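Novice: Following this message is one structure expressed as structure tokens.
Bear in mind that the values in this text are calculations on the coordinates, not laboratory data. Small disclaimer: the values here were computed from a predicted structure and weren't measured. Note that each Cβ is placed from the backbone with ideal geometry, even for glycine, and that neighbours are counted across all protein chains shown.
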Amino acid sequence: MGVLNVTPDSFSDGGDAVLAARAIEAGRRMIAEGAGILDIGGESTRPGAVPVFLDEEQRRVLPVIAALAGRGVPLSVDTRNAGTMAAALDAGATIINDVSALSHDPAAAALVAHRSCPLILMHMRGTPATMMSHATYDDVVAEVLAELAARIGVAEAAGVARSQIAIDPGLGFAKTAEHNITLLQRLPILLGLGCRVVVGASRKRFIGLLSGVEDAKQRMAGSVAAGLYALSQGATVLRVHDVAETVQAVRVWQRLAG
């Protein structure tokens with residue numbers, strides 16, 4: 001899953017694709033490089049990020065979705081807002097990726113159920129502005145498991161089939177570096193929820209702490225290493241910024257692993 005941030009303040013590539021034309025060009029490049037999904041977002045969810053008005057979020061993402069739809073790669077929209085979800089699906093997106101796991105917008109669960117589209121539920125506590133104040137756990141894996149199970153229950157109660165749901169442990173979202181490492185090491189436990197697992201380790205701060213690389217854009221090698229490890233632990237989808245390098249690494253790893 002190639003990350004396409006149409007935002008001026010993303011933590012790792014802020015402003016690189018803020019103009020629609022540049023975002024569309026980047027998306028086409030990711031498709032050519034082998035991305036299986038493009039994840040398009042118009043609101044930064046980095047720690048401390050402030051919310052974006054709904055019309056601004058849609059102004060950013062809808063032209064990009066419309067331009068990249070129908071190019072043989074499914075598009076997901078990275079949004080917490082039911083209005084943007086609906087507009088993005090109308091524009092050609094087919095997957096909803098909600099970092100709030102349907103907790104931000106009361107209308108989101110019913111919207112996803114009505115549209116019968118695949119859904120990614122990510123674990124987070126609080127909001128992007130407050131989440132790091134909630135990064136306290138007795139057992140991070142057990143608590144993330146229980147909290148994701150509850151969000152799956154909300155989606156199913158609204159009418160979303162479990163077969164349509166993927167889960168994301170939310171590395172870096174209300175998690176310290178040690179929490180992220182523990183979640184990756186014990187990722188198979190999350191498979192017990194019966195959903196595909198999406199992992200977004202790419203360029204995250206804990207990669208920098210482990211590798212000693214401060215600049216997020218220089219963390220490609222560490223990100224690929226974390227991604228391959230996540231696959232070995234049962235992840236299905238890697239959400240990445242460096243598509244060509246990750247695709248190359250995954251193809252080699254898959255062949256060697258049999």
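Novice: Show the residue pairs that are 6+ apart or on different chains and have beta-carbon atoms under 7 Å apart, the first residue being within the stretch 61-73 and over 14 Å from Gly2 (Cβ atoms) and free of Cβ contacts under 8 Å to residues at least 40 places away in the same chain, the second being outside any helix (DSSP H, G or I) and not aliphatic (A, V, I, L, M).
Specialist: These pairs meet every condition: Ala66/Gly92; Ala69/Gly92; Gly70/Gly92.
Novice: Do we find that Gly170 is small (Gly, Ala, Ser), in contact (Cβ under 8 Å) with a residue 40 or more places away in the chain, within 24 Å of Ile95 (Cα to Cα) and not in a helix (DSSP H, G or I) in this structure?
Specialist: Numbers: small (Gly, Ala, Ser): yes; in contact (Cβ under 8 Å) with a residue 40 or more places away in the chain: yes; within 24 Å of Ile95 (Cα to Cα): yes; not in a helix (DSSP H, G or I): yes.
So Gly170 passes the test.
Novice: A further question on this structure: For Gly227, state whether it is farther than 24 Å from Asp139 by Cβ and of a type in the set (Gly, Ala, Ser). First the steps, then the outcome.
Specialist: Numbers: farther than 24 Å from Asp139 by Cβ: yes; of a type in the set (Gly, Ala, Ser): yes.
Taking the combined requirement at face value, the residue satisfies it.
Novice: So Ile181 fits all but one of (1) more than 17 Å from the chain's Cα centre (by Cα); (2) within 27 Å of Ile95 (Cα to Cα); (3) of a type outside the set (Gly, Ala, Ser); what number is the exception?
Specialist: (2)
Novice: Pull out all pairs, ordered by first then second residue, where Cβ-Cβ is under 6 Å, the residues are six or more apart or on different chains, the first lies in the stretch 229-245 and is closer than 16 Å to Gly2 by Cα, and the second is in a loop (DSSP other than H, G, I, E, B) and of a type in the set (A, V, I, L, M).
Specialist: Listed by first residue and then by second, the contacts come to Val237/Met1; Arg239/Met1; Val243/Ala35.
Novice: Would you check if Ile207 is crowded, with 22+ Cβ neighbours inside 10 Å, under 26 Å from Gly126 (Cα atoms) and out of contact with any strand residue (DSSP E or B) (no Cβ under 8 Å at 6 or more places or on another chain)? It would help to see each step written out before you state the result.
Specialist: On the way: crowded, with 22+ Cβ neighbours inside 10 Å: yes; under 26 Å from Gly126 (Cα atoms): yes; out of contact with any strand residue (DSSP E or B) (no Cβ under 8 Å at 6 or more places or on another chain): yes.
Judged against the criteria, Ile207 is a match.
Novice: Are any residues in the stretch 173-182 in contact (Cβ under 8 Å) with a residue 40 or more places away in the chain and not charged (D, E, K, R), and if so, which ones? Outline the logic, then answer.
Specialist: Residues of the stretch 173-182 in contact (Cβ under 8 Å) with a residue 40 or more places away in the chain: 173-176, 179, 182.
Correct list: Phe173, Ala174, Thr176, His179, Thr182.
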